[in-house]
1. Given a Förster radius of 25 Å and the C-beta distance between M1 and E52 as r, what FRET efficiency does 1/(1 + (r/R0)^6) yield to the nearest 0.05?
2. Using 0.36 nm per residue of separation minus the Cα-Cα distance, give me the extension gain between A68 and I105 in nm, one decimal.
3. Count of lysine pairs in the chain with Cα atoms under 24 Å apart, counting only pairs 8 or more residues apart in sequence or on different chains?
4. Express the relative contact order of the range 3-124 as a whole percentage, based on alpha carbon pairs under 8 Å and six or more residues apart in sequence.
5. Let a ≥ b ≥ c be the square roots of the eigenvalues of the Cα gyration tensor of the range 1-51; is it rounded (a/c under 1.5), or, if not, prolate (a/b larger than b/c) or oblate?
6. Roughly how large, in nm² to one decimal, is the mean projection of the convex hull of the alpha-carbon atoms in the range 3-124?
7. Based on the Cβ-Cβ distance of Q61 and A29, what FRET efficiency does E = 1/(1 + (r/R0)^6) give at R0 = 41 Å, to the nearest 0.05?
8. Collect residues whose amide H, placed 1.01 Å from N in the peptide plane, falls under 5 Å from the amide H of A3; neighbours closer than 5 in sequence don't count.
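Please treat every number below as a calculation from the coordinates, not as lab data. These figures come from a predicted structure and were not determined experimentally. A quick note on method: Cβ atoms are made from the backbone with ideal geometry, for glycine too, and the neighbour counts reach across all protein chains shown.
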Amino acid sequence: MPAILLTGASRGLGLSVLTLLLRSPSLNAGRPPAVVTISRSLPAELEALAKEFPDRLVCVQGDVADKAVSVEAVGKAAERFGGLEAVILNAGVLDPLGKLADVDIVRSPSPLPLLAFPLQHSHKR
Ligand SMILES: NC(=O)c1ccc[n+]([C@@H]2O[C@H](COP(=O)([O-])OP(=O)(O)OC[C@H]3O[C@@H](n4cnc5c(N)ncnc54)[C@H](OP(=O)(O)O)[C@@H]3O)[C@@H](O)[C@H]2O)c1
């Protein structure tokens with residue numbers, strides 16, 4: 001059962017997507033997927049899902065910009081589930097939100113590394 005790698009599953013859209021993937025029995029022709037997540041925090045909701053679905057969910061704690069974290073996640077997918085079949089690059093930052101004229105673009109964190117690093121690191125492993 002190859003797994004899906006989902007970044008940013010600790011809250012928001014990522015946690016909702018994770019819950020859907022785990023709780024929708026009709027997904028994947030009746031064989032709902034296994035998931036490996038990456039997030040810096042492991043809040044109670046995520047830990048509760050990990051306890052409820054020990055055979056289908058592995059949560060890796062760390063920053064997606066850290067190559068070792070992506071390598072660990074891909075390694076766990078291979079070890080536990082035989083590999084990866086999809087990657088959902090959800091981890092990101094929305095702030096700062098505002099009018100273009102008011103936002104300090106130079107000092108704002110770029111979401112690109114958060115989106116691109118795990119893909120590159122997973123691919124190169
Ligand atoms: N909500 C919207 O209206 C909207 C609109 C357009 C695009 N988006 C995009 O959709 C995605 C999710 O949005 P959201 O509203 O659900 O955001 P959110 O509630 O702020 O959640 C962001 C998630 O990304 C994780 N994350 C952030 N930086 C990370 C890092 N360096 N390493 C690992 N995990 C990291 C966070 O976990 P930790 O803090 O635990 O690491 C969290 O699980 C983002 O990419 C956002 O830009 C959202």
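1. That pair, M1 with E52, gives E of 0.90.
2. 10.5 nm
3. Lysine pairs, 8 or more places apart or on different chains, close enough: 4.
4. 29
5. Note, shape of the range 1-51 comes out prolate.
6. That works out to 8.3 nm².
7. With a Förster radius of 41 Å, E is 0.85.
8. For A3, the qualifying residues are G83, L84, E85.
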